[in-house]
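One structure below.
We did not get these values from a lab; they are worked out from the coordinates using the rules stated. Because the structure is predicted, anything quoted here is derived from the model rather than measured. Note that we place each Cβ from the backbone using ideal geometry, even for glycine, and neighbour counts take in every protein chain shown.
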There are 2 protein chains.
Amino acid sequence: MYKDNLNKRIYSSIKKVVKNGPRDLHIPALGNKELQNINICIKENMVSSIGRFTNEFEERIKKLTKAKHAIAVTNGTCALQLCLHMLDINKNDEVLMPALNFIAGANAVSALKAEPHFIDSQIYDLGINTKKLDIYLQKILIKKNGVNYNRYTKKRIKVLMVTHIFGHPCNLDEILKLAKKFNLLVVEDAAEGIGSFYKKKHVGIFGIFGVLSFNGNKTITTGGGGIILTNNNRLADLTRHISNTAKIPHKWAYRYSHVGFNYRMPNLNAALGCAQLQNLSKFITSKRKLYLKYSSNFKNVDKVSIMREPLNCKSNYWLQTLILTSESHRERNKIIKFLNDKGFRVRPVWDLINKNRPYRNCQKMDLSEANMLEKKLINLPSSAILGEKLN
Amino acid sequence: MYKDNLNKRIYSSIKKVVKNGPRDLHIPALGNKELQNINICIKENMVSSIGRFTNEFEERIKKLTKAKHAIAVTNGTCALQLCLHMLDINKNDEVLMPALNFIAGANAVSALKAEPHFIDSQIYDLGINTKKLDIYLQKILIKKNGVNYNRYTKKRIKVLMVTHIFGHPCNLDEILKLAKKFNLLVVEDAAEGIGSFYKKKHVGIFGIFGVLSFNGNKTITTGGGGIILTNNNRLADLTRHISNTAKIPHKWAYRYSHVGFNYRMPNLNAALGCAQLQNLSKFITSKRKLYLKYSSNFKNVDKVSIMREPLNCKSNYWLQTLILTSESHRERNKIIKFLNDKGFRVRPVWDLINKNRPYRNCQKMDLSEANMLEKKLINLPSSAILGEKLN
């Protein structure tokens, strides 16, 4: 009886926010500027891997993030794979990453024949739990000739990949401190984080590499797309070179210096992205207002709260998140079913990656907090248009 | 003196064909239909991995090729990689492929940590030299429990990857016979072959898998794109599943059964492709006329000929090809330099793949014919619009 009441109170609060807006999880806002750019693309006959929009897109992202280099590719998974490849991650490596995470990060590791090694999260920012990780690494790492190995599996551990879950910046100060202590390279999976700032610096530029995504469900979209950020000149040049076909520049000869990945973002997709970027600050403002709307409408609903950005951070609030106080999958699923039956495309957070078939046998630390979070998080309709009128 | 004459005679013949048309190697022909489709995409707010155009594109390709299954992905390299992954190609494999070939095929093999093993070509169709390969395989293959191994490197040899160079179908009857004899799986790299037919059947459907490409330089383009063809139901289902994120269908839960590649072609790119496909037969007709034009204009130029489609084949004539009777790199390069200085973006065939740094130490058979061809082939301006008026 009481639980039915909770379902209904959640439903009613969501409805007050969404009104007649899209009940989907997240849809893009596309308009005339997008059409104009694509018209130019087609009229100029430049839709493929060479063209001014791909360059312009990279320049705009550099300006936004203050990254020294930005390399546009076909999507976030490919971007992560390329970063890890550049750091020589291979079958002899385990890559540390949160278990509470979209599976793409693990797939990028798998593509290189390496293995993910899963670490625990914390409720405060949904990021990795640095305190627990510190203790864990002291236990499992062994150093040989300055290189870290997992003392149990004998695999190398070189990279700590962190994710800004739902756009909320994770605790980069603590992460960088930990990385320094253990001599790990940080790769930021900022796929969900465009427009999010940690202490006034854009996410994705704190580690050796960072990655943004522009999939159709993200804050801005290029259809499919991702970008690699780095401040390292040497890595940037070679990443850019192999992100395409690794052709040696020559007026006509076709010769190649490296194995190329053919991941360059086509001009057609970048044309969409350039238009989208012009509206980014509007989208972020609106998405932050949406947070306030949900927050105020859920203020009087017991047993739930709305996920808020961490201190000293500005989150893009990519996906709005309801946090249940209960830790019951059963309760979570009942609420989600109830809301989906009413047409709201709410969803739980992903199952922890280590619970998916391909990753069941991977190394992992104690994941008690991630397990608890998995049972408590529900994403709400989050399109930018729900915050305020966009046009 | 005489050589200068040859340069000039070639220049003058090309000029008579190209007239005021594009001097580039190959540019796409994009128009209103392309714009209309993209308008729909944007108005329907469907630009990413879900959308009606990606499905429609696959259906249209199935109709054209008569393949049972068609799976649209981000490009031809990714398509080849996915096919080889589906056939379990890994670090223990060598994949047979022509040395005279675009490097993407080798890169797809490398992405899986396998190694290409290079085979010789023949001038007749620019495809692999099956007679030489037959003798070579008798020498190097050793069978253990029904599996082929290279008796020298001990690596498995399971796949023969063949390419329809410049759109000219290679000798599929001989290739299939050879594959049967040695128990090899055939993968057709038909990246350059859309609209090409071998004995009235579209290329790409003869092997276990075939791949088409829609890069910006191809006969039709999706910006960046490729498609996997297969008649095998089981392989098709799983390929489609892992070409995306390998998500297990569920109304809201996010669970995954396999490592996913995130290679699905976005709806935005497929929208372009659907429009392009409607003009394909017009493009092919025009490109075939272009061959006739070059052929007739070069008829009286000594020491050169124009590449002609093999018997019983209908080629799309993706790139028109001048064949020098001399086998001198020096002469070839002088001609190319002369023509480029005049603004014609002609180019030599690719350097043999085994001559590129990443592939110098790979296994290879005697490549004398490929080496000879490398010195003799020059691609001419080949855009569809050069054959006849397209609108």
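Summary table below
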| item | result |
| --- | --- |
| Estimated distance in nm for a label pair at B:A253 and B:N300, the labels positioned 7 Å out from Cα along Cα-to-Cβ | 7.8 nm |
| The protein assembly as shown: proportion of alpha-carbon pairs further apart than 50 angstrom, % | 18 percent |
| Residue among A:N379, A:N316, A:N279 with the largest mean-square fluctuation in a Gaussian network model of chain A, springs linking Cα atoms under 10 Å | A:N279 |
| Phi to ³J(HN,Hα) by Karplus 6.51 cos²θ - 1.76 cosθ + 1.60 over the range A:175-189, Hz, x for Gly, Pro | 5, 5, 5, 4, 4, 5, 4, 9, 6, 10, 8, 9, 10, 9, 7 |
| Shortest-first distances to equivalent copies, position A:N391, nm, label 7 Å out along Cβ | 2.8 |
| B:R357-A:K200 FRET efficiency (beta carbon distance; Förster radius 45 Å; 0.05 resolution) | 0.55 |
| Using θ = phi - 60° and Karplus 6.51 cos²θ - 1.76 cosθ + 1.60, couplings along the range A:83-100 (whole Hz; Gly, Pro as x) | 4, 5, 4, 4, 8, 6, 6, 8, 4, 8, 10, 10, 10, 6, 7, x, 6, 8 |
| Across the identical copies, how the A:I40 labels are spaced - nm, sorted shortest first, 7 Å along Cα→Cβ | 2.6 |
| Structure-based [θ]222 nm, chain B - -39500 (n - 2.57) summed over DSSP H runs of at least 4, per residue, nearest 500 | -11500 deg cm²/dmol |
| Separation of alpha-carbon centers, the range B:156-172 and the range B:22-101, rounded to whole Å | 19 Å |
| Which of B:V147, A:V18 has the fewest Cβ neighbours within 10 Å, and the rest in rising order | B:V147, A:V18 |
| Centroid-to-centroid separation of the range B:315-391 and the range B:122-146 [C-alpha atoms, Å] | 24 Å |
| Among A:G31, A:A70, A:N183 - extreme Cα towards positive end, dipole of chain A, charges at beta-carbon | A:G31 |
| Label-point gap, in nm, between A:K19 and A:N391 - each point 7 angstrom along Cα→Cβ | 1.7 nm |
| Per DSSP, loop trypsin sites (Lys or Arg not before Pro) in the range B:317-370 with at most 11 further Cβ within 10 Å | B:R360 |
| Point-charge dipole on Cβ atoms (K/R +1, D/E -1) for the range A:298-360, about Cα centre, debye to 20 | 220 debye |
| For the protein assembly as shown, size of Cβ-based charge dipole, Lys and Arg +1, Asp and Glu -1, in debye | 200 debye |
| Gaussian network model of chain B, Cα within-10 Å springs - most flexible of B:G204, B:G127, B:G21 | B:G21 |
| For B:Q320, residues with placed amide H under 5 Å, excluding near neighbours | B:L380 |
| For B:Y256, distant residues with modelled amide H under 5 Å away | A:R357, B:I248 |
| In Å, descending, principal axis extents of the Cα set of the range B:314-391 | 49, 30, 25 |
| Unit charges on C-beta of K, R, D, E only; dipole of the range B:15-142, Debye | 600 debye |
| Equivalent ellipsoid semi-axes, the range B:250-391, via Cα gyration tensor eigenvalues times 5, rooted, Å | 36, 26, 14 |
| Exposure proxy ranking, count of Cβ atoms within 10 Å, fewest first, for A:I135, A:I89 | A:I135, A:I89 |
| In Hz, Karplus ³J(HN,Hα) per residue of the range B:326-342 (6.51, -1.76, 1.60; θ = phi - 60°; x = Gly, Pro) | 5, 10, 10, 4, 4, 5, 4, 5, 5, 4, 4, 5, 4, 6, 5, 4, 8 |
| B:M372, B:M161, B:M365 arranged by Cβ crowding within 10 Å, fewest neighbours leading | B:M372, B:M365, B:M161 |
| Among B:I10, B:I135, B:L160 - extreme Cα towards positive end, dipole of chain B, charges at beta-carbon | B:I10 |
| Computed over the range A:32-278, the ratio Rg/Rh where both radii use C-alpha atoms and Rh is Kirkwood | 0.99 |
| Choice from B:I42, B:I284, B:I336 with maximal GNM fluctuation in chain B (Cα, 10 Å cutoff) | B:I42 |
| Nonlocal amide H pairs with B:L185, under 5 Å, H built at 1.01 Å | B:V159, B:L160 |
| Shortest-first nm distances, A:N333 label point to equivalent points in other copies (7 Å, Cα→Cβ) | 6.9 |
